[in-house]
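J.: To start, I am sharing the structure in question, which I have written as structure tokens.
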Amino acid sequence: YNENADIAHTLQKSLLPNRLPEVPGVKLAVRFRPAGTYNEMGGDFYDAYHQVGGGWLIVLGDVMGKGAKAAAMTSLVRYSARAASLRESRPAVILNTVNKVTGRRAEDETRFCAMICAHLEVEGGDVHVRLANAGLPTPLFASADGGVKLLKAKGTPVGMFAEIEVEEETLTLSPGDALVLYTDGVTEAAGGNSSFTEEELVQLLKAYEGADAEELAQSIEDAVLASVDEPGDDIAVLVITACPS
């Protein structure tokens, strides 16, 4: 039993980057917590890296299910996105490429992945973001003055259909602004009506106006864990903020 738990832990770590990259003009922070005591491999993952053609790619995903099959799907999705980004910077195109790869490979027709892909370019003190969402909860934009809005980009999870539709959205982060990406474990951690809700997340962000990425990510994790005895789903939060020049 202990050996199986150790194998699961080791494999889970191999599906995530060792550390987030240092992006000039940008602060990235992540909080990741697999569900369970002896954590069976979950399906949440994240990635961040510099693209060959310039800019940075951020990926956050949630593969349906747990265990070895979910881990195999996670690996396929993560590295398919990396391969696609060698030739393409547009998030919607990358997601469509991932969908084609997973569609050819999927042995289980019920296995799919909800994910967000975002391309960052830094210009002066601003961070220009092009984002596409394939089925994850709606990302939140928190401005330095305390305003919070839900982004509009939506789409179909990859691996469900031969062709998917995903919308792209562009925005600019100025110093003090934050973009919050998260998986459904954040707002469904307790299950049912007692979970930490999207509205509670919005109110939390309003209370932390102008906070840096680390403070926001930690505050979100603390609020989610305070709402439950034991999370029933993986929790993944990735926060992007623009740094003052």
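The values are calculated or read from the model by the stated rules, or taken from the named source; none is laboratory data. Quantities reported herein were computed from a predicted structural model and do not represent experimental measurements. Backbone-built Cβ (ideal geometry, glycine too); neighbour counts: all protein chains shown. The protein model used for the area step is the full one, side chains on, heavy atoms only, and it has no ligands, DNA or RNA in it. Shrake-Rupley method; radii C 1.70, N 1.55, O 1.52, S 1.80 Å.
J.: Name the long-range amide H neighbours of ALA134: under 5 Å, sequence gap of 5 or more, or other chain; modelled H, no Pro or chain starts.
T.: Amide H neighbours of ALA134: MET115, ILE116, CYS117.
J.: Taking amide hydrogens as modeled 1.01 Å from N in the peptide plane, which residues meet the under 5 Å criterion relative to GLY210, leaving out close sequence neighbours?
T.: Long-range HN contacts for GLY210: GLY146.
J.: Moving on. Under a 5 Å amide H to amide H cut-off, with H placed in plane at 1.01 Å, what residues pair with VAL186 once short-range neighbours are removed?
T.: Those lying under 5 Å, H to H, from VAL186 are ALA236.
J.: Quote the accessible area belonging to TYR79 in square angstrom, nearest 10, computed with a 1.4 Å probe and with ligands, DNA and RNA left uncounted.
T.: For TYR79, solvent-accessible area is about 110 Å².
J.: Rounded, prolate or oblate: which one fits region 75-191, using the alpha carbon gyration tensor with axes a ≥ b ≥ c (rounded when a/c is under 1.5, else prolate when a/b beats b/c, else oblate)?
T.: Oblate.
J.: Could you list the trypsin sites (Lys or Arg not before Pro) in region 111-197 that lie in coil according to DSSP, counting only those with at most 14 other Cβ atoms within 10 Å of their Cβ?
T.: LYS152
J.: Apply the Karplus parameterisation 6.51 cos²θ - 1.76 cosθ + 1.60, with θ equal to phi minus 60°, to every residue of region 47-53 and state each ³J(HN,Hα) to the nearest whole Hz, in sequence, with x for glycine and proline.
T.: 7, 7, 6, 7, 8, 4, x
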